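Since every read-out is calculated from the coordinates, none of them should be taken as a lab result. Keep in mind it's a predicted model, so treat the numbers as computed, not measured. Cβ: placed from backbone, ideal geometry, glycine included. Neighbour counts: every protein chain shown.
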Amino acid sequence: MIIILKENYKPFISVIVPVYNVYPYIEKCLNTLLEQTASSEFYEVITINDGSTDQSESIIKNFEGTFSNLRVYNRKNEGVSATRNFGISVSRGKYITFIDADDWVEADYIEKLMLRLKKSKIKILSFGYCKEKNKIKSKKNSYRKNFFINEEFDSDLFYKINNICSLYNIWNKAYEKNFLVKNNIYFEKLVNGEDAVFNMLAYHKSTGNFFSKDLLYHYTIRRNGSASSNLDQKYIEDGDKVNYFIDEIFKDDKTFKLKSHQSINVLFTLLRNSKNLKSYKTNTQYASLIKKVRYADLKKVSSSVKFLLVKCPYIFALLRLKKS
C-alpha cells in the first residue's frame, strides 16, 4: 500500500544518498531503502545526483512517482562533501543518516534505528556493518553489546572506541539534525578524510553517544584502480589537513595517537589504489607519511594490508625501521 504523504510532513529519519556514476549499484541501494519494514511515513530518502555521466539519473527516475517518501535532486558536480551538506540543508527529519549509493541496508534498518533513537536523548547512534566484495560477505564489524557514553570525546577516548569499531565511517551512524546545525558540523571539502573530520568534531561536541550491536549496513568494497601520482599527492596533502583538524578539534596532549592512525589510513588507501608502488616519486611521498606512524599502531593492521606492504619492499623496509 502506498501512503500519500503531505508536502510538509516531518519524518523521523532522513536518509541522504549522494549519487555519482553508480548505475550498477544504485537500484539495489534504493530498493533496500524504499522497501523497509517501517512505514514510509516515518522516513524520507533524499537522493542527490551529483552530475553523474552514466545511467544513474535514469535509474533514479524509475523510482519517482512510485514512492512518496523519495525526494530527488539533480545538481552539477561539486563532490561528495558539498552534496552531503546540501542534503543536510534540505532534510526534514529529526535524525539524519548517510548512505553510499553502492551500498545497501537491511530490511529493518529504519525500524531498528527508530527503536534505538526513541529510547534516550541520543545525538549520535553508531551501529554494526558488514564489508562485502563480489557479493561475498568478508568481514563483520559490530560492538559486542549495546552501550552509552554520556560525555564529549577527547582524542584518547575517540582513539580507544575507534579501535573497537571504526568511528571514521559516517554511513553506519545516525545524527540528530539540530545537534549538527547548532554546532555548525558540516563536511570539509577533502578528497580523503572528510568523514573522519566530521565525526571527530561531532563526537567531541556530543554528550549522547549510543553504540548498538545491530548489524544493519552492507558496505561494498570496490577497487577503482584510478589513482595517479597527482591524486596520491592530493591524498597526502589532505592527510596533513586532517592532522591539522585533529589538533584544532581536540587540543589535548594525546592527539599523536589519532594522527598516527590517520596517517596509516592514508598510506594504505594509497597502497590499495596506486599503480606506481615501486616508483621513486611515490616512495618519496609515502616516506613523509611513515614518519608520522607509530609502530604500535602497525601491529593492529589486517592481513590484507600486510600483503600490500610486501608488494612494496621500499615501504615495508621503512616501516620495519620504525620497530628498531
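Would you calculate the convex hull of the Cα atoms in the range 13-220 and tell me its volume per residue in Å³? Write down the numbers at each step before the final one.
Numbers: hull volume 24.1 nm³, N = 208.
Dividing the Cα hull volume of the range 13-220 by its residues yields 116 Å³.
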> Along the range 203-215, what does the Karplus equation 6.51 cos²θ - 1.76 cosθ + 1.60 (θ = phi - 60°) give for ³J(HN,Hα), rounded to whole Hz, x for Gly and Pro?
Replying inline: 5, 5, 9, 8, 10, x, 10, 9, 10, 9, 7, 4, 9
> How do THR97, THR269 rank when sorted from fewest to most other Cβ atoms within 10 Å of their own Cβ?
Replying inline: THR269, THR97
> Principal axis lengths of the range 88-159 from Cα atoms, whole Å, largest first?
Replying inline: 39, 34, 23
> Which cross-chain or sequence-distant (5 or more) residues have an amide H under 5 Å from the amide H of TYR219, H modelled 1.01 Å from N in plane?
Replying inline: CYS130, LYS131, GLU132
> Based on the Cβ-Cβ distance from THR37 to TYR244, what FRET efficiency comes out when R0 is 41 Å, to the nearest 0.05?
Replying inline: 0.40
>> Which entries of LYS119/LYS213; LYS139/LYS234; LYS123/LYS177; LYS94/LYS118; LYS133/LYS189 have Cα-Cα distances beyond 19 Å here?
In response: LYS139/LYS234; LYS133/LYS189
> Taking one equal scatterer on every alpha-carbon of the range 127-186, how large is log10 of I(q)/I(0) by Debye at q = 0.15, 0.20 1/Å?
Replying inline: -0.61, -0.97
> Any idea how far apart GLU111 and LYS133 come out in nm if each label point goes 7 Å out from Cα toward Cβ?
Replying inline: 3.3
> Under 5 Å between amide H atoms, partner at least 5 residues away or on a different chain: which partners does ASP54 have, H built in plane at 1.01 Å?
Replying inline: ASN21
> Ranked highest first by the average count of other Cβ atoms within 10 Å around their residues, in what order do 111-119, 123-131, 213-221 fall?
Replying inline: 123-131, 213-221, 111-119
>> Could you tell me the relative contact order of the range 149-216? Use alpha-carbon pairs under 8 Å, at least six residues apart, and round to a whole percent.
In response: 50
> Whole-Hz Karplus ³J(HN,Hα) for the range 70-87, in order, using 6.51 cos²θ - 1.76 cosθ + 1.60 and θ = phi - 60°, x for Gly and Pro?
Replying inline: 9, 10, 10, 10, 10, 9, 5, 5, 10, x, 5, 5, 4, 5, 5, 4, 5, x
> With the contact rule set at Cα under 8 Å and sequence spacing of 6 or more, what percent relative contact order holds for the range 13-220?
Replying inline: 27
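What are the semi-axes of the equivalent ellipsoid for the range 31-123, taken as the square roots of 5 times the Cα gyration tensor eigenvalues, largest first, in whole Å?
Computed over the range 31-123, the values are 24, 16, 11 Å.
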